[in-house]
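One structure is given here, and the rest of the page talks about it.
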Amino acid sequence: MKAVVFHGVGDIRLDDVPEPQIEEPTDAIVRLTASAICGTDLHFVRGTMSGMRPGTILGHEGVGVVEDVGDDVRNLYPGDRVVIPSTLGCGNCSYCRAGYQAQCDTLVPGGTAFFGGPEASGPFDGLQAEAARIPYAAVNLVKLPDEVSDDQALLISDIFPTGYFGADIAEITHGDTVVVFGCGPVGIFSILSAQLLGAVRVFAVDRLADRLDMARRLGAEVIDFSAEDPIDALSRLTGGTGPDRAIDAVGVDAQRPQEGPAVGRSETSDAELDREVDAVAPEQNPQGDSWHPGDGPSMALRWAVRSLAKAGTLSIIGVYPPEAQSFPIGEAMQKNLTIKMGNCNHRRYVPQLVELVRNGSVDPVSVLTELQPVSSAIEAYEAFDQRQPGWMKVELEPASTDP
């Protein structure tokens, strides 16, 4: 079968790989009908998340049809349509039972198990393929009602629950003012989720016109950090108080401003940000306009801490590797900020979000802007990596969709 395979930093290929097989009685095989490219996948290719094993199939978002089940999978039949939550849990350990599936002690003690990730995450072959093996399938597959389309379900596999998780741990309550840093797919769903949880005002910070436009159409108040300083703008627009809650939906590949009044603010020098890039991406392999690490790894974090109201809450859902060691802890302490972060516990949120889509409360498909066959996956990766206009979220259609 065809699959997108990691071979090294800056080197991904569309390869022929063996079909997955049942290895444990708790496994299932799913024939993928849709998968997607995520910003997290770009971290691996850019080198800002190290430890990838060459030969790993990429991708952690997927929808498909169950093709086969192991003897201990008692809640699914071949032919069932399912959505695949990105992170994996066993369903039995104390963390899974408490809803912290991203900290499952059975699959990856001391870390997070997810599809298509580095060696420390399993590794488990990912979902940018024609089929995939799903461990602990009774827990890690969620059946889909007929009213939810594949396109809708694909967004519930990862980015919608991640955005909802970010709003949830931000402790958003009715009447809050929220700022979301980053208007990529997860940022857009953070905006939507903040509104669902009762935020009255939501600010959105980015520099890309198409992303700011999508945020604005959702009702967010947009700030272009290449045109104005986000710290000053947020202070002015909130009467000097600052937002109650902030969500970092950017992560380690954040970019520093290249123009406008935010350039060269004294709080963080270019030299300091350059050192951060070297620390988080010790191996780099840029090629032309592709695979360049973000040049401001802690930029979103610093802006969030400096713009928040005193006693506010910072939610961090953008991905940071263990090598990311720069955080303005002193500034956060002096403002009595609450800081919450982590990898999304997808299985905790997926059923709830499936129901919101099924009953018509939310239709997430507007975020999908590109549909590409898996045969064009490498070109799609490059366009998404370069943040080309219109490339907000890319769905990959497998070469074969017949069960």
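The values are calculated or read from the model by the stated rules, or taken from the named source; none is laboratory data. Fair warning: this is a prediction, and the values are worked out from it, not measured in the lab. Cβ sites come from the backbone with ideal geometry, for glycine too, and all protein chains shown count toward neighbours.
Of note:
- Scanning the range 135-177 for residues that are of a type in the set (Ser, Thr, Tyr), in a helix (DSSP H, G or I) and more than 17 Å from Ile247 (Cβ to Cβ) returns a single hit, Ser157.
- All told, Val362 meets the bar of being modelled with pLDDT of 90 or more, in a loop (DSSP other than H, G, I, E, B), out of contact with any Pro (no Cβ under 9 Å at 6 or more places or on another chain) and assigned by TED's automatic domain parsing to the domain that holds Cys90.
- Residue that is surrounded by the fewest Cβ atoms within 10 Å (Cβ to Cβ), among those in the range 98-118 that are touching a strand residue (DSSP E or B) at 6+ places or on another chain (Cβ under 7 Å) and either in a loop (DSSP other than H, G, I, E, B) or of a type in the set (A, V, I, L, M) (or both): Thr112
- Against the numbered list (1) surrounded by fewer than 21 Cβ atoms within 10 Å (Cβ to Cβ); (2) assigned to a loop (DSSP other than H, G, I, E, B), Tyr95 comes up short only at (2).
- Selected residue [buried (at least 23 other Cβ atoms within 10 Å of the Cβ), of a type outside the set (Phe, Trp, Tyr) and under 30 Å from Val142 (Cα atoms)] from Gly360, Gly318, Gly312: Gly318
- Any hit, the range 119-129, residues being among the polar types (S, T, N, Q) and surrounded by fewer than 18 Cβ atoms within 10 Å (Cβ to Cβ): no
- Just one of the listed residues (Ala215, Ala153, Ala227) is over 16 Å from Ala304 (Cβ atoms), at pLDDT 95 or above, of a type in the set (Gly, Ala, Ser) and touching a Cys at 6+ places or on another chain (Cβ under 9 Å), and it is Ala215.
- Within the range 140-184, the set of residues being in contact with a Phe, Trp or Tyr (Cβ under 8 Å, 6 or more places away or on another chain) and of a type in the set (A, V, I, L, M) comprises Leu155, Ile159, Val178, Val179, Val180.
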